[in-house]
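S.K.: Following this message is one structure expressed as structure tokens.
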Amino acid sequence: MSIVQMEQITKHYRMGGQRYTALQHISLEVQEGEFVAIQGPSGSGKSTLMNIMGCLDTADSGTYVLEGRRVSAMNDNQLADVRNRRIGFIFQSYNLIPTLSAYDNVELPLIYRGIPGHQRKKAVLDTLESVGLSGHLHHRPAELSGGQQQRVAIARALATNPSILLADEPTGALDSHTGKEIMALLTKLHAEGRTIILITHDQAVASYADRILYIRDGAIA
Ligand code: ADP
Ligand code: ADP
């Protein structure tokens with residue numbers, strides 16, 4: 001089954017009265033259970049494409065269908081709903097809340113979604129275990145290494161059982177050894193059935209995916 005279907009997605013930005021094309025006629029499809037990398041140099045349109053895929057932004061034209069829902073026709077509230085329910089984000093900078101423990105960081109999106117307490121506890125413990133952090137439940141981000149912080153962020157992304165994991169340069173802030181461990185973890189999650197879309201400029205990182213889409217000057221090459 002196809003999870004992501006984009007047809008002729010185009011996005012422009014205006015700056016100083018001029019119009020720049022960030023994405024032009026992007027058509028792509030990602031199947032359920034795939035691990036796909038989108039690779040391109042700085043300025044090629046990766047972040048713009050990730051924002052549209054993640055329902056953080058909308059295209060100027062083209063259609064985007066996510067799990068059979070026509071996202072490109074949705075209003076901001078509908079878009080936020082799909083984003084919160086169906087997408088798990090992983091960022092270069094982890095984006096954890098510094099005052100909260102690993103456990104509490106992972107629990108937060110479940111509280112927002114109104115998941116009852118006993119279900120939350122199971123989801124938090126299960127996902128922290130699946131990323132290898134059962135021994136660090138009560139550590140705050142500053143008490144964890146970069147790789148451990150990224151594992152917490154991955155657990156947080158997984159806890160709501162999203163249909164896609166969207167990872168934007170997930171190893172960008174890590175040394176190469178730790179980066180490989182994080183890519184091995186994403187590979188394991190993929191083997192367990194997760195659909196993963198990885199955005200990176202780095203060929204070595206992209207090579208963990210089953211399929212690489214190259215983006216140049218806002219177009220799939
Ligand atoms: P990278 O993806 O390499 O981290 P960015 O996405 O931050 O880089 O920026 C890529 C280019 O997009 C830069 O040239 C930057 O100036 C431009 N850019 C990013 N965000 C904005 C913005 N909000 N307004 C204007 N230009 C932006
Ligand atoms: P990447 O993530 O591959 O670095 P981006 O998607 O950030 O690429 O940028 C693609 C193009 O769109 C660049 O030319 C960039 O300058 C421009 N751009 C990105 N975001 C903005 C923005 N918010 N305002 C104006 N221009 C932007």
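The values are calculated or read from the model by the stated rules, or taken from the named source; none is laboratory data. Computed from a predicted structure; not experimentally measured. Counting neighbours? That spans all protein chains shown, and the Cβs are built from the backbone with ideal geometry, glycine included.
Yes/no matrix, rows are residues, columns are (1) touching a strand residue (DSSP E or B) at 6+ places or on another chain (Cβ under 9 Å); (2) among the β-branched types (V, I, T); (3) closer than 16 Å to S93 by Cβ:
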| residue | (1), (2), (3) |
| --- | --- |
| I154 | yes, yes, yes |
| L158 | yes, no, no |
| P162 | yes, no, no |
| L165 | yes, no, no |
| P170 | yes, no, yes |
| T187 | yes, yes, no |
| E192 | no, no, no |
| Q203 | yes, no, no |
| I212 | yes, yes, no |
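S.K.: Filter region 157-199 down to residues that are under 14 Å from M53 (Cβ atoms) and either assigned to a loop (DSSP other than H, G, I, E, B) or more than 10 Å from the chain's Cα centre (by Cα) (or both), then give me how many there are.
M.R.: Number satisfying all stated conditions: 3.
S.K.: Being among the charged types (D, E, K, R) and either exposed (fewer than 13 other Cβ atoms within 10 Å of the Cβ) or in contact with a helix residue (DSSP H, G or I) (Cβ under 8 Å, 6 or more places away or on another chain) (or both) is true for just one of D57, D104. Which residue is that?
M.R.: On the way: D104 fails: either exposed (fewer than 13 other Cβ atoms within 10 Å of the Cβ) or in contact with a helix residue (DSSP H, G or I) (Cβ under 8 Å, 6 or more places away or on another chain) (or both).
After ruling out the rest, the residue left standing is D57.
S.K.: Among the residues of region 54-83, write down those that are in contact with a Leu (Cβ under 6 Å, 6 or more places away or on another chain) and within 16 Å of ligand 1 (Cβ to nearest atom).
M.R.: Selection gives G54 alone.
S.K.: Among the helices (runs of 4 or more DSSP H) contained in region 35-114, which hold 1 or more residues that are out of contact with any Pro (no Cβ under 6 Å at 6 or more places or on another chain) and more than 16 Å from ligand 2 (Cβ to nearest atom)?
M.R.: On the way: elements: 46-53, 76-86, 102-112.
Correct list: 76-86, 102-112.
S.K.: Taking Y20 as meeting all but one of (1) assigned to a strand (DSSP E or B); (2) closer than 25 Å to Y112 by Cα; (3) at pLDDT below 95, write down the number of the exception.
M.R.: Only one criterion in (1) assigned to a strand (DSSP E or B); (2) closer than 25 Å to Y112 by Cα; (3) at pLDDT below 95 is unmet by Y20, namely (2).
S.K.: Give I87, I115, I97 a once-over and let me know the one that is more than 30 Å from M1 (Cβ to Cβ) and among the β-branched types (V, I, T). Steps first, answer last, please.
M.R.: Working: I87 fails: more than 30 Å from M1 (Cβ to Cβ); I115 fails: more than 30 Å from M1 (Cβ to Cβ).
Going through I87, I115, I97 in turn, the sole match is I97.
S.K.: Separate question: Of all residues in region 6-46, how many are over 18 Å from A167 (Cα atoms) and among the polar types (S, T, N, Q)?
M.R.: Matching residues across region 6-46 total 6.
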